[in-house]
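Novice: Mind looking over this structure? Questions follow.
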Amino acid sequence: MEGDVVGMIEENKTSAPKLLVVWMAVGSFAYFGVLLRLGLVALETAIIEGAAGESSMIDLGFSAGFYLPNIFGCIFLGCLDEIHARRTYLFNTPLGSLFKTGFGTGFCGSLTTFATWMVFSTSHFFEGYVALGLFNMFVGLMVWNASYRIGFHLPHLANFPSHHPHPPTPNPAKNEPKNYKISKKRDGDLVEINNEGSAPKITKVEMVSIKKRSHEIVDHIPDEKDVTQHQILHQPKQPKDEQRGKETEKAGWGEGYSLESVERGFTGIFLALTIIFWSLALALANPDGAPCNFLFFSVSFSPLGAGLRWFIGRFNKSSTPGCHGPLCDVRTWNFPFYTFLANMLGCLDSSIVFNADSRGACADNIRLAAGSGLAGSLSTISTFISESDKLALIHPWYFYRYQLTSLACAQALNTVIFGIFYGV
């Protein structure tokens, strides 16, 4: 199917140019995800500045670069996941397919950050505030999960007046006919018998013969005018896809655009944004006068992190290349290993950037931008929470295993890196 371009790519059924197109779509949205994240961090700082409990709020992580971005990113992705589940046909076009991947993986994934959150908690551990670090981790985990569920429910709230999720089931007993016909075939003659009483359950509309003793009893096949409400209500339920009928045939988003035109469009958008943001990063100075603008360098690095996360994350949905056997198919693990790997790589990068020294103001801004733009986009909270939510539907154990394993491994990795720099 032409519209499912991302699905084919994720199953390794397409060429390198197609990979590049999806990477550029992810990168285009990643630019705006990091831009919004830095804007929300500035908003956090403005909110708590001068507040009575400013120091306490800073200790809890406000203005540290992850609270508001992670909340909004999880809300956005929860909303997108539910819209996709309820209106799949919207994304069955080249434009809709690339938009979903770009917005979900590029924008939401880059808006949120797993690495910055983990490094902040590790820094508390090394400063001696172990309880505060643990509190930050587990409260944060609850907030991100709740934010995703809020976003998941938003499409339901928007559609509440016209769509009830559980419509009342009609009671067939109220209007059951008192008369029914049985056709009995005896000695070659067809005799119709009218009986009074409750109607029998009708489970078939085709003729079925049942041999009983010396007589053959045949269910009556009514004419169209004789079909009762009882029969209609007891028809076998159609599969979900057939039940939706015309809805599955509705035009998706951007139905009129061909795959080639969508590819050219995303390529042009990505190249234009790349030129704009890198020009601003190199031309503008920081507000404090230091060279190499931190904001635009962070934004410029974002496609590298988000693109790498998308590329390795594809293997969550297919067998690992060059590996053979049942263990090579990550889909059977109930553990999204490649998202886990992206988050660990982001933590590694962020821990090094957090502790490293740099020479000169420009080098310092680029180093911090690599942590915020590259590591922040490589790791993700929104996808992490979305995958956890889906695992919970299989079994709660998979949900807790994935989340707690990710937190424990991230802290172990960060502790090793911090220990090297601290000389422990």
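The values are calculated or read from the model by the stated rules, or taken from the named source; none is laboratory data. For clarity, every value in this text was computed on a predicted model and none was experimentally measured. No Cβ is skipped: glycine too gets one built from the backbone with ideal geometry, and neighbour counts run over all protein chains shown. Protein only, heavy atoms only, side chains kept; ligands, DNA and RNA dropped before computing areas. Shrake-Rupley method; radii C 1.70, N 1.55, O 1.52, S 1.80 Å.
Novice: Under 20 Å from the 7 Å Cα→Cβ point of SER258, by amide nitrogen: which residues of the stretch 68-110?
Specialist: Under 20 Å, as judged by backbone N against the label point of SER258, lie 92-99 of the stretch 68-110.
Novice: Work out from phi, with θ = phi - 60° and the Karplus expression 6.51 cos²θ - 1.76 cosθ + 1.60, the ³J(HN,Hα) of each residue of the stretch 267-272, listed in order in whole Hz, and give x for Gly and Pro.
Specialist: Whole-Hz 3J(HN,Hα) from phi for the stretch 267-272: 5, x, 4, 5, 5, 5.
Novice: Run the simple label-point estimate for ALA85 and LEU393 please: 7 Å along Cα→C-beta, distance reported in nm.
Specialist: 0.5
Novice: Give me the distance between the Cα centres of the stretch 38-113 and the stretch 393-411, rounded to whole Å.
Specialist: 21
Novice: If you don't mind, there's one more thing I want to ask. What do you reckon, how do ILE381, ILE352 stack up by accessible area (1.4 Å probe), largest on top?
Specialist: Greatest to least solvent exposure: ILE352, ILE381.
Novice: Tell me, what HN-Hα J-couplings in whole Hz come from the Karplus equation 6.51 cos²θ - 1.76 cosθ + 1.60 at θ = phi - 60° for each residue of the stretch 103-118, using x for Gly and Pro?
Specialist: Using θ = phi - 60°, the values come out as 6, x, 7, x, 6, 5, x, 8, 5, 9, 8, 7, 5, 4, 4, 5 Hz.
Novice: For the stretch 8-153, what does the accessible surface come to per residue with a 1.4 Å probe? Please give it in Å². Write down the numbers at each step before the final one.
Specialist: On the way: 5570 Å² over 146 residues.
About 38 Å² of surface per residue is accessible.
Novice: Between LEU393, THR380, ILE352, whose Cα lies farthest towards the positive end of the dipole of the stretch 276-424 when Lys and Arg beta carbons carry +1 and Asp and Glu beta carbons carry -1, centred on the Cα centre?
Specialist: LEU393
Novice: Chymotrypsin sites (Phe, Trp or Tyr not before Pro) within the stretch 330-424: which are DSSP loop residues with at most 12 other Cβ atoms inside 10 Å? Present the calculation step by step, with values, prior to reporting the outcome.
Specialist: Values: sites: TRP333, PHE337, TYR338, PHE340, PHE354, PHE384, TRP397, TYR398, PHE399, TYR400, TYR402, PHE418, PHE421, TYR422; in loops: TRP333.
Taking the stretch 330-424 and a limit of 12 other Cβ atoms within 10 Å, the loop chymotrypsin sites (Phe, Trp or Tyr not before Pro) found are TRP333.
Novice: Moving to a separate point now. Hey, if we sort ASP357, ASP59, ASP288, ASP81 by accessible area with the 1.4 Å probe, largest down, what's the order? Each step should come with its number before you reach the end.
Specialist: Working: ASP357 150, ASP59 75, ASP288 120, ASP81 25 Å².
These residues rank, largest area first, as ASP357, ASP288, ASP59, ASP81.
Novice: What number comes out for accessible area per residue over the stretch 333-424 if the probe is 1.4 Å? Units Å², please.
Specialist: Working: 4000 Å² over 92 residues.
For the stretch 333-424, the solvent-accessible area averages 43 Å² per residue.
Novice: Place a label point 7 angstrom from the Cα of ALA42 along the Cα-to-Cβ direction, then list the residues of the stretch 102-124 whose backbone nitrogen is under 17 Å away.
Specialist: 111
Novice: Another one. Return the equivalent ellipsoid semi-axes of the stretch 72-161 as a descending list in whole Å, where each equals the square root of 5 times an eigenvalue of the C-alpha gyration tensor. Mind dumping the intermediate values first?
Specialist: Numbers: eigenvalues 225, 52, 8 Å².
After scaling each eigenvalue by five and taking roots: 34, 16, 6 Å.
Novice: Could you order ILE275, ILE75 by accessible surface area, starting with the largest, using a probe radius of 1.4 Å?
Specialist: Numbers: ILE275 115, ILE75 35 Å².
Largest accessible area first, the list is ILE275, ILE75.
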